[in-house]
């Protein structure tokens, strides 16, 4: 236990800032990720997730601050950190005019993976990703989900210690996402540290810890459970035939802290759920919306996010 | 694809900053696959040299054959007809028409029916017989001054020939000294290109020009392709070093370049029948040297310009004009004004044009070519040094 406590953080980010012209993409961001964690970066577009990922991957330099992977300073020894790192950029970064097998071979060779190990790992990873049948297909002819899984296979061909995934499952079908996460869980078991950014709240919930990023700053950082506990107020789910009308009806009602349209229902954040429910019912009835049902629910990460940042910042 | 024949697996810890042959070859291998599957690159690699060899090889010629020549024979005697016939017999002129008046000559020139007209005076034979000499006028359309100059040269040759024969005849008829022609025996001899074939002179230059253009085009796509297709970001997150990227990317194009060079040189020797008097080693060494310069320049452009189209345009612009104008492959450098001559020292193909001509026609070896070879070596060192520093594993 003490050895684990003394081991350096897998990822250490210390007051990192980066600006592009007038835009401060990342502002004084600090956090650490322990070995074996799945750490999630959540935030709306333009929050600075990709910039932060690129800085961690050593392909972009920060203007200020320090980044260390496995105790090695990324700025001082970028090439050394790259030996134990895998980075999957947001945009598909493999060669579309090369086959699945050729891409794997290429990345295995760049990381000096022995031939025998390459064959064994590639067979195992392709099976896990459901890509065995596509070895000889050009990467450009794979579906979006298969491409992302191939990206993961190439990223894992050399046993990285830290895996950086920038929105790896955006545009990926549910089945492929399930395969994807099965592989990630398997990796966590073997002690690989995973840092990923995601726009999907259900994925955010699967992370061991989450950083909510907004306008280049971290607004909250904790486990999903504790983030939800820390949300100010409580949540009511409102269901009815016309969710938009329901939302508009409760806008500005006393005790309502926030309203969020979630598909066919409305999440109402209130300061005191039991006490406010009768008044809210009455207000709806007065507007001809008495058919609506109202129930107390546990908040999701999205609710926490919106509560922290305002509805304009929904990821 | 046989994948694991030439790649030794290495321990991951190795190769922090050291060059890893495995990574270098992986880049080269990938590049070969990509060129093979990219119609555009393949066309540049294989079709462009062929097309340019045909176009430049046949299109650029300083020789003039069958210059259309009108004859205005005012005398129409046996002698005058023989004179007119001699122009055609030499092969440089084609008698297009016999005309009957000055007016007709003017019209024929206006219609471009001929660009030269031989005007034989009415007293041609009589003056020859009485005085041993007669004027003969040749009028040229000098709109195309270059062609005209060459045609005038040919005409002078023909006239000198005729005049020699007539002198000999006159001397024999008048019992003078046996032959004046025999006494002044001027026999011009041209070295290296005995037939004065401009083809021999131009084709080696054409090969140099093609390699300069094709080589830079090839590598101009190589780095810009990675930026454009979004593969660069992932590539630079791996331990591959900038040197491995450069060497790995230049290697396949070097092989393609050698292939193209062999194709062009063989075409020069066997299709265009340019005599080859040099040795193979000199040819190989200088060609390799030139390819390194050319490919590294394309690579430099590719690193700087992040789109394929842009890089290819820049490469075309940077190589095409200086190469065609200042390499001396058609326009002789020693006839340029001094500042332009100085500028041409910067134009690397000029060294290779000089080398190829000398190797083909004079049979020069490395020792005899020390000047242009050193020029290329200096260029290669500078360009490789710049190329090695140009690429950074950074997005910004």
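The values are calculated or read from the model by the stated rules, or taken from the named source; none is laboratory data. Please read these numbers as outputs of a predicted model, since none were measured by experiment. Here the Cβ is made from the backbone with ideal geometry for all residues, glycine too, and neighbour counts use every protein chain on show.
Values computed for the structure shown
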| quantity | calculated |
| --- | --- |
| Evaluation of residue B:1 against (1) farther than 14 Å from residue A:106 by Cα; (2) at the interface with chain A (Cβ under 9 Å from one of its Cβ atoms); (3) at pLDDT below 90 (one fails), failing number | (1) |
| Lone qualifier among B:87, B:29 - being in a helix (DSSP H, G or I) and closer than 30 Å to residue B:111 by Cα | B:87 |
| Residue that is surrounded by the most Cβ atoms within 10 Å (Cβ to Cβ) [pool: residues in the stretch B:137-151 that are out of contact with any strand residue (DSSP E or B) (no Cβ under 6 Å at 6 or more places or on another chain) and outside any helix (DSSP H, G or I)] | B:141 |
| Sole residue being in contact (Cβ under 8 Å) with a residue 40 or more places away in the chain and out of contact with any helix residue (DSSP H, G or I) (no Cβ under 6 Å at 6 or more places or on another chain), chosen from B:359, B:353, B:373 | B:373 |
| Among the candidates A:264, A:298, residue that is in contact (Cβ under 8 Å) with a residue 40 or more places away in the chain and either surrounded by fewer than 18 Cβ atoms within 10 Å (Cβ to Cβ) or out of contact with any helix residue (DSSP H, G or I) (no Cβ under 8 Å at 6 or more places or on another chain) (or both) | A:298 |
| For residue A:304: the one exception among (1) touching a helix residue (DSSP H, G or I) at 6+ places or on another chain (Cβ under 6 Å); (2) without any contact (Cβ under 8 Å) to a residue 40 or more places away in the chain | (2) |
| Conditions (1) away from chain B (no Cβ under 13 Å); (2) modelled with pLDDT of 95 or more: number failed by residue A:100 | (1) |
| Out of A:128, A:115, A:123, sole residue that is more than 13 Å from every other protein chain (Cβ to nearest Cβ) and either crowded, with 21+ Cβ neighbours inside 10 Å or free of Cβ contacts under 8 Å to residues at least 40 places away in the same chain (or both) | A:123 |
| Residues located in the stretch A:131-151, provided they are over 19 Å from residue B:33 (Cβ atoms) and within 12 Å of chain B (Cβ to nearest Cβ) | none |
| Those residues of the stretch A:171-185 which are surrounded by fewer than 14 Cβ atoms within 10 Å (Cβ to Cβ) and assigned to a helix (DSSP H, G or I), in sequence order | A:174, A:175, A:178, A:182, A:185 |
| Unique match (being assigned to a helix (DSSP H, G or I), closer than 24 Å to residue B:225 by Cα, assigned by TED's automatic domain parsing to the domain that holds residue A:176 and touching a helix residue (DSSP H, G or I) at 6+ places or on another chain (Cβ under 8 Å)) among A:108, A:123, A:128 | A:108 |
| Those residues of the stretch B:306-333 which are under 25 Å from residue B:221 (Cα atoms), under 18 Å from the mean Cα position of the chain (by Cα) and buried (at least 22 other Cβ atoms within 10 Å of the Cβ), in sequence order | B:319, B:323, B:327 |
| Evaluation of residue B:65 against (1) outside any helix (DSSP H, G or I); (2) surrounded by fewer than 18 Cβ atoms within 10 Å (Cβ to Cβ); (3) touching a helix residue (DSSP H, G or I) at 6+ places or on another chain (Cβ under 8 Å) (one fails), failing number | (3) |
| Given (1) within 14 Å of chain B (Cβ to nearest Cβ); (2) assigned to a strand (DSSP E or B), index of the condition residue A:56 fails | (2) |
| Subset of the stretch A:19-40 (residues that are on the phi < 0 side of the Ramachandran plot and without any contact (Cβ under 8 Å) to a residue 60 or more places away in the chain) | A:19, A:20, A:22, A:23, A:32 |
| Residue match in the stretch A:78-85 (condition: within 7 Å of chain B (Cβ to nearest Cβ), in contact (Cβ under 8 Å) with a residue 24 or more places away in the chain and either under 15 Å from residue A:197 (Cβ atoms) or assigned to a loop (DSSP other than H, G, I, E, B) (or both)) | yes |
| Residue within the stretch B:68-80 that is in the same structural domain as residue B:126 (by TED's automatic domain parsing), modelled with pLDDT of 80 or more and exposed (fewer than 13 other Cβ atoms within 10 Å of the Cβ) present | yes |
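Residue-by-condition table, conditions (1) closer than 28 Å to residue B:393 by Cα; (2) assigned to a helix (DSSP H, G or I):
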residue	(1), (2)
B:258	no, yes
B:275	no, no
B:295	yes, yes
B:315	yes, yes
